[in-house]
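Read-outs throughout are calculated quantities, based only on the coordinates presented, and are distinct from any laboratory measurement. Model, not experiment: these values are computed from the prediction. Please note: Cβ atoms are built from the backbone with ideal geometry, for glycine as well, and neighbour counts cover all protein chains shown.
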Amino acid sequence: MIRRRLGAIIAIILVAGCLDSSLPQPGTRAAAILHLQDGNLAAARSDLDALLAESPNDESLHLLAGLTAFGETIAQFNFILTVVLAALEDADVVADLADSEKLNPLGSVADENTFIQTLVRDTIEFLSDPLDRAVRHLGMVRSADTSVRLDDYRVQFWAADFFDLSGQWDRTDAAILQSLLAPAAAALNVIGAHDLDLDVYYVIHKVIGPGELDTPGIGNLLVNLLNDQRYGDLLGFVDGGRQRVDLARQQLATGSHRFIQAVEQGLARENNDETIFQIVDDRDEILLRLDNRIRMNSDGNFDLSFRIVDDASFQTFEVQVTDGWLNSAARMADNLDAPAGSGPRLQIVDSMQILLPLVIATLDHVEVSETVDGIINLLGDDPEGAADLVSEFVPAGIELDPGAWMQNGVPLRGMLPAWRDDLDDGQNNFLFEWECTGFYAPTATEPPGSSASWPGGLDCPEPGEAGFEHEPDSAFDLVDSDHFTDPVFFDFAVDSALADGKKTAWPVVGFSDPTLGGLLYLDGNVLVEADPIPPVGAAPASNRTINAWLAELESLVSSFLD
């Protein structure tokens, strides 16, 4: 009897061993891929972390880790969206989630205001962590020999297998995905670098509470928050904020380089239309598909090829990646890589050449009138020319140096117009002046920049309109004036500005740092007419040139509205 029982136990063990031999061993590459395809992202990440600890230079592991992290990013976004939508339906849902392990430590916060602050910060971190990991791991995939096949990898979104990442992945595919994710990761890091704590209930009361919040009151509201000692670092950097901005700079630079590499590698590899990325609906019908290659079309333009499905068949959604687009990406990368202030600066046309082809390709699949469709087709025939045309409607002479701003470490708080903090509560405001005669002589009790010096809106009244309490029966004319000469401006480090040859109904804005942390360069030759100061070309913005640009913009807006 004992002998028979022992034999049965041995047989069971042998059978179990045979069955187990067909499954990947835990902690192996095969197990990680199986977990990934089964949607068990936590287990896949655990396996891959262990494998990468032993083989940190294995690019195929980094590729798998990057795809896992992308899946985690979508899962986190899905969870956050679920929370938001559920909260809109039932506020008690938020309270239940606050006690859950998922949103810990939100359950232990002191009050609702702190809860909202913590929720905002944690939401940023929930998304930023996996997105940073995805960008970092995909950036490690450099070898032409690296290749990973996923037979069936789908990422759920809103209870549906929304993203299908099945297919053969190589370094070009990794570069494409990284270049798409890098701007999102950088944006989250810039946001997360800043202190966003504020009195939410105070803002809600002012915006939707009793009484009407006029336009000047919005500026006064922000200044009250900036001056609030409880939130003295609002829009300043949190601990480690400068490092996060520098990480964002590196992510953007790497993403720009990787896009260019993807184009070069895509042109060199064999033609292959195998899908590496597609979006499907709950009926498993494909909504959007990205082929795993970038190709040169018959017109000599690079095409990053998407496909959209309609009721009949695939329609090609081709985004023309022109030489101008590649050159703009190269300037972006060089600007972000170079020491502050030494790299090439970016111009308006750079962003136009990147964004406009995407807009044109999207509009081409939208039902519009025949006239609009003709315009879209015309613009699509020459996207670079279209970008140049659009840039003509923007005041010229603007150059941006985002690399300098990121390296200089200037938070958003330091880029705002100067504001007063020495008046009674509710009276402090940003430091503005106006070019409206009859209003341009505030009394001693109403110094320039106080809330009482607002003319009542965003611009001066039109001729013939009733005046304000200073001149009850008059209308205002515009006059070109020197600005920021009153001592009150010196107290807040606002430099004076000579008349610029332009008249504007918009406020003239005083900045303590008109360069916005080294970001903004303006061409005085383009913006300032009849200038007694010889133009020097593009130079760091001053209060004079930045307000001349705003006056030019006001003129363009007024002409368009007329």
Where does the charge balance sit around G510 when Lys and Arg score +1, Asp and Glu -1, over other residues with C-beta under 9 Å from its C-beta? -2
Difference of contour (0.36 nm per residue) and Cα-Cα distance, S559 to T28: 184.5 nm
A correct Karplus calculation of ³J(HN,Hα) over segment 329-339, with 6.51 cos²θ - 1.76 cosθ + 1.60, θ = phi - 60°, whole Hz and x for Gly and Pro, returns 4, 5, 5, 4, 4, 5, 5, 6, 7, 6, x
Using amide H atoms built 1.01 Å from N in the peptide plane, name the residues 5+ places from D195, or on other chains, whose amide H lies under 5 Å from its own. L235, G236, F237, V238
With each label point set 7 Å from Cα along the Cα-Cβ vector, what nm distance links D145 and S496? 7.1
